[in-house]
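The values are calculated or read from the model by the stated rules, or taken from the named source; none is laboratory data. Just so we're clear, the structure is a prediction, and the values are computed from it rather than from any experiment. Reconstructed Cβ throughout: ideal geometry from the backbone, glycine too, with neighbour counts over all protein chains shown. Please note that ligands, DNA and RNA were not included when accessible areas were found on the heavy atoms of the full protein model with its side chains. Shrake-Rupley method; radii C 1.70, N 1.55, O 1.52, S 1.80 Å.
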Amino acid sequence: MIINILLLILLLGIQTDMTLLQIVRVLVASLIIASAVGDEIKNVLLLLADDAGLEMGAYLNKFSQTSNLDALARRGLLFNNAFTSVSSCSPSRAQLLTGQASHSNGMYGLHHSVHNFNVLPSIQSLPNVLREMSNDRILSGIIGKKHVGAADHFRFDFEETEEQHPINQIGRNITNIKLYTREFLRQAKAQAKPFFLMIGFHDPHRCGHVTPQYGEFCERWGSGEEGMGTIPDWKPIYYDWRNLDIPAYLPITDVVRKELAAQYMTISRLDQGVGLVLKELETLGFANDTLVMYTSDNGPPFPAARTNLYERGIKSPFILASPNPEDRHHETTGAMVSLLDVYATVLDVFQLSTNNSAFSSKSLMPLLRKEPRPQEDDAVYGSHSYHEITMDYPMRMIRTRQYKLIHNLNYWSYFPIDQDFYTSPTFQQILNATLHRDNLPWYRSLQSYYERPEWELYDIKSDSMERHNLAEQPQYKHVLKVLKQRLHEWQASTNDPWLCAPHAVLQAQGIYKENPVCLTLGHESL
């Protein structure tokens, strides 16, 4: 292909009297796009769930029926150590699309409504970068939930999101998702452009605090039940809550079982939506040259999960499915990866790169060929600052194969609860049991959930539930010191404004501009 392009351009130069400089410019632009549309992977499809954890058969959940996701996992690479760097919707989507931690890109919390968080003025996202670096020869699209801003910083060529439609109609109505996917793919074919398409499902996000008539997870919306409307392509799957096992991190109650049944119902809708999108990909002839990624923005909206840096808040489902026969299929990987890596992976597919030092992103493409040798000090990092505007509880984290260190910067305050989780039956049961001093079969208390120390250190290998904080244990003094230093270095390298918090102030202007320092607030003497 590249040889043909060279011959065409040289012929064009002869026929049109193009200068040598003009020929070189055209050649460079053409080589970029030639790499992007080579003989193998030409396109990227990113399937993004909303508040989904590992509730799928491929991750050994024996109840949640996810036949399409399980089939995708069988023909791809399933990740057992994938983590989001932030456990909140808008910041997580911004990390995917910018390759930068939330403290670097400025999307500190939720974008919409009163929260109004946006990325910093200098930040550009994947659709903008792809357009500029390929000279508008790569088509970008987003269908479903977007939830990031400002709009100019996330400008897709094709957009059908909550900015144009009611969120349920574009994020949960899988028939609409199918039809808009078909429209986008036809456009890509007509324009003969490689593409990056992001499908933002709104399932299985809670909706009970806004539209309780549809169920806690909008599980009955579009089900065909009286007054619920119908989604033509959805065949609802109803779960008998009495038969469900409860994950160890949740209270062992019937209230939780009923919530899980509702959540699984919406996950099955998501799964059927995934099947519809993949079918469109195949029907329109893109299945053999498209890299497919599936993941979720953060963990499920249950205690110790979403908005937390505990395992259930950051452990992410992740599937990377390549159409190339020589790549890994029906395998699992134990590589430690972050959702920050999606950005570099997409750029790698299109043979584009960036040298911005604030990026915490690396390409996952090499994992499709070879499993790296695991090292005990392999690490991913976390940076959570807000969810809602009132949830001022910044946390930073380093997670290695054995240990996790969490730094709670606002540890003197109670851990905040977001609105849709507060109204949930599960949290209301925890709250009422605490208020009335009733027994509740839960692995922790509400007080310990609210009141957290500045430093939390866990041995994940022996304490996967993160019940025993080792930060004050003398025998872990060296581990604590090393992890603190590594975390500090990551924060410094990614321009974290909270670098010196909470006991010092970052000075990076004037005489400190070249060598920023942390100046004490005198907390040690108080």
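Quick notes
- Candidates Leu45, Leu69: the one that is in a strand (DSSP E or B), modelled with pLDDT of 95 or more and of a type outside the set (Val, Ile, Thr) is Leu45.
- All positions within segment 254-278 that are in contact (Cβ under 8 Å) with a residue 40 or more places away in the chain and not aliphatic (A, V, I, L, M): Lys258, Glu259, Gln263, Tyr264, Thr266, Ser268, Arg269, Asp271, Gln272, Gly273, Gly275
- Selection from segment 436-471 of residues that are within 23 Å of Val255 (Cβ to Cβ) and basic (Lys, Arg): Arg437, Arg444, Arg467
- Answer from Met18, Met56 - the residue that is open to solvent by less than 70 Å² (accessible area, probe 1.4 Å), at pLDDT 50 or above and not assigned by the TED database to the domain that holds Ser125: Met18
- Number of the exception - Val255 against (1) open to solvent by less than 40 Å² (accessible area, probe 1.4 Å); (2) outside any loop (DSSP other than H, G, I, E, B): (1)
- Only listed residue being surrounded by 23 or more Cβ atoms within 10 Å (Cβ to Cβ) and either among the small types (Gly, Ala, Ser) or outside the structural domain of Asp50 (by the TED database) (or both), chosen from Gly200, Gly208, Gly224: Gly200
- Checking Ile267, Ile246 one by one, the residue that is in a loop (DSSP other than H, G, I, E, B), under 30 Å from Met395 (Cα atoms) and aliphatic (A, V, I, L, M) is Ile246 and no other.
- Filter result for the condition that a residue is closer than 24 Å to Leu97 by Cβ and either buried (at least 22 other Cβ atoms within 10 Å of the Cβ) or not aliphatic (A, V, I, L, M) (or both), over Leu276, Leu270, Leu250, Leu260: Leu270
- Pairs linking a residue in segment 116-137 that is modelled with pLDDT of 95 or more to a residue that is of a type in the set (Asp, Glu), with Cβ atoms under 8 Å and 6 or more positions apart or on different chains, are Pro127/Asp157; Arg131/Asp157.
- Spans of helices (runs of 4 or more DSSP H) in segment 334-449 with at least 3 residues out of contact with any Asp or Glu (no Cβ under 7 Å at 6 or more places or on another chain) and open to solvent by less than 20 Å² (accessible area, probe 1.4 Å): 341-349, 425-435
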